[in-house]
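J.: Okay, handing you the structure first.
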Amino acid sequence: MKHSAWATVALAVSATVVIAACGSSHSSASGGTSSSASASASSTGSAATTGKFLGCMVTDTGGIDDRSFNASSWAGMQAAAAANSNIQVKYLQSTTQGDYVPNINTFVGQKCNIIVTVGFLMGTATEAAAKAHPTQDFAIVDCSYTSQCLPAPKETNIDQLVFNTVQDGFLGGYLAAGMSRTGKVATFGGEDFGTVTIYMDGFWDGVQYYNTKHGTHVQVLGWNEQTQKGTFTGDFTNQTKGLTQTQTFISEGADIIFPVAGNVGLGAAKAVQQADAAAGSQKVNMFWVDVDGCVSAATYCPYFITSVEKGIVSAVKAAVLSAAGGTFKGGTYVGTLANGGAVLSPFHDFASKVPSSLQTELQTVQAGIENGSIQTPTKSPV
């Protein structure tokens, strides 16, 4: 199950959380940070004069230390800098959606060699900037023309970094169904975006596949792949919403929760922790999303059976290195189970709790997904 890839990502994200947490304490939407020094956004002209390649990243509103796709994207930037000493990297943090355009324009003005934007919401701003500056290299995480996140016409200077997370979401659903004791599992999203619902589609279908194979009737609360109806908190930051929604699911009998909601998931983890404390035993558990939760939110590792991950670190690193090496080209990178871009994390504290028979089944299901004999339908195109 590609444990070496998981270990690499886990180490990178671990470094990210520490460094990003420090960086965010002295940066804002109008200031930035370097991977090697606390350089402000206004000081990066020196990078150009010294011949350094400048890689610049604009975060989404979840912030640099969201323990999710912003943090892992920044880890990818740092990994590129670590791999090539001529690369200097920095970021600007978006507090609101209104920061996207000025942050991107700031980096265009600073002559960044590549500008990496993060998230579905940044598609329109990235497309407009790419059209206005056709010689500027861009990469965007979790957004593509196929998913209609990037509006037409197609610009050739955008590297689209997307992940077919219906595949590892399917594995996660199968695992959740196999681990549930109550016969009810739950998932919810931050907002109703394709990059969110693709996870939920996979999770729902994985549960159905388990039911078909085992003659069981495990229910999924919070989402239905067929109707595309489900539960969303409305943002990726409000942890109280995550706590309240998870408490509702637990009261309805769910014993495994899968939030696809960035920092909102920390509220879900708190609810799981509280439920187990009240029960006096570990009766409710959960999955984390995007990155390995046992690295990014280690406090709650005892409740994480696994994490349904994206290979964001390696994808961003590759995009920056290609630009620095003069081989950048616009197009689409798709992370999958087969290439390590969409995987389940190690089981960590649950390594001895997930039955060996279920682990063997997961390997069989993964092989089936990779060779196409097991279909993973989704209404959220990559």
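J.: Quick one: accessible surface of Ile104, probe radius 1.4 Å, all protein chains present, in square angstrom to the nearest 10.
T.: Approximately 0 Å² for this residue.
J.: Any idea how far apart Lys379 and Ala132 come out in nm if each label point goes 7 Å out from Cα toward Cβ?
T.: 3.6
J.: Calculate, for the chain, the solvent-accessible area per residue in square angstrom, rolling a 1.4 angstrom probe over the heavy atoms of the protein chains.
T.: On the way: 14140 Å² over 382 residues.
Heavy-atom accessible area per residue stands at 37 Å².
J.: Please build a GNM for the chain, connecting alpha carbons under 10 Å apart, and tell me which residue among Leu150, Leu266, Leu358 fluctuates the most.
T.: Comparing Leu150, Leu266, Leu358 in a Gaussian network model of the chain, the most mobile one is Leu358.
J.: With θ set to phi - 60° and the Karplus curve 6.51 cos²θ - 1.76 cosθ + 1.60, what are the ³J(HN,Hα) couplings of the stretch 51-57 in order, to the nearest whole Hz, using x for Gly and Pro?
T.: Running phi through 6.51 cos²θ - 1.76 cosθ + 1.60 with θ = phi - 60° gives x, 6, 7, 10, x, 10, 10 Hz.
J.: What residue among Ala271, Asn70, Val207 has its Cα farthest toward the positive end of the dipole of the chain, where the charges are +1 on Lys, Arg and -1 on Asp, Glu, each on the Cβ?
T.: Projecting each Cα onto the dipole axis, the largest value belongs to Asn70.
J.: Shape of the stretch 160-283 from its Cα gyration tensor (a ≥ b ≥ c, root eigenvalues): rounded if a/c is under 1.5, otherwise prolate when a/b > b/c, or oblate?
T.: On the way: a/c = 1.88, a/b = 1.05, b/c = 1.78.
Oblate, since a/c reaches 1.5 and b/c is not below a/b.
J.: Separate question: Give Lys131/Lys329; Lys241/Lys379; Lys111/Lys329; Lys310/Lys379; Lys52/Lys317 a once-over and call out the pairs whose C-alpha atoms are over 21 Å from each other. Numbers along the way, then the final one.
T.: Details: Lys131/Lys329 15 Å; Lys241/Lys379 26 Å; Lys111/Lys329 18 Å; Lys310/Lys379 19 Å; Lys52/Lys317 17 Å.
Flagged as over cut-off: Lys241/Lys379.
J.: Ok, one more. So what's the net charge close to Gly194: Lys and Arg +1, Asp and Glu -1, counting the other residues with Cβ under 11 Å from its Cβ?
T.: Values: positive: Lys379; negative: Asp142, Glu191, Asp192, Asp201.
Here the count lands on -3.
J.: Follow-up question, since we're still on this one. Give the aspartates and glutamates reachable from Lys283 as a straight Cα distance under 18 Å; neighbours fewer than 8 places away on the same chain don't count.
T.: Within reach: Glu252, Asp255, Asp349.
J.: Can you compute 3J(HN,Hα) from phi for each residue in the stretch 233-244, using the Karplus curve 6.51 cos²θ - 1.76 cosθ + 1.60 with θ = phi - 60°, rounded to whole Hz and x for Gly and Pro?
T.: Values per residue, Gly and Pro as x: 7, x, 6, 10, 10, 7, 5, 4, 5, x, 5, 5 Hz.
J.: Per DSSP helix of 4 or more residues, -39500 (n - 2.57); summed, then divided by the residues of the chain. What does that give at 222 nm, rounded to the nearest 500? All intermediate terms of the calculation are to be shown ahead of the outcome.
T.: Numbers: 12 runs with 159 residues, N = 382.
Value at 222 nm, helices only, nearest 500: -13500 deg cm²/dmol.
J.: When Lys and Arg each count +1 and Asp and Glu each count -1, what net charge do the other residues less than 15 Å away from Ser322, Cβ to Cβ, add up to? Provide the component values of the computation, followed by the final result.
T.: Values: positive: Lys317, Lys329; negative: Asp137, Asp159.
The answer is 0.
J.: Summarise the accessible area of the chain (1.4 Å probe, protein heavy atoms) by the percent that is carbon and sulfur. Write down the numbers at each step before the final one.
T.: Details: 7320 of 14140 Å².
After summing per-atom areas, the C and S share lands at 52 percent.
J.: Mind giving me the nanometre distance, one decimal, between the label points for Asn84 and Thr360, set 7 Å out from Cα along Cα→Cβ?
T.: 4.7
J.: Of the candidates Ser345, Ser73, Ser85, which one comes out as most mobile in a Gaussian network treatment of the chain with C-alpha springs shorter than 10 Å?
T.: Maximum among the listed residues: Ser85.
J.: For the pair Ala367 and Asn105, what calculated FRET efficiency results from E = 1/(1 + (r/R0)^6), where r is the Cβ-Cβ distance and R0 = 41 Å, to the nearest 0.05?
T.: Values: r = 47 Å, r/R0 = 1.15.
Calculated value: 0.30.
J.: What is the sum of charges, Lys and Arg at +1 and Asp and Glu at -1, for the other residues whose Cβ falls under 12 Å from the Cβ of Gln148? Please report the intermediate quantities before stating the final value.
T.: Details: positive: Lys154; negative: Glu127.
It works out to a net charge of 0.
The values are calculated or read from the model by the stated rules, or taken from the named source; none is laboratory data. Just so we're clear, the structure is a prediction, and the values are computed from it rather than from any experiment. Virtual Cβ from ideal backbone geometry, glycine too; neighbours counted across all protein chains shown. Surface accessibility is based on the protein's heavy atoms, side chains included, excluding ligands, DNA and RNA. Shrake-Rupley method; radii C 1.70, N 1.55, O 1.52, S 1.80 Å.
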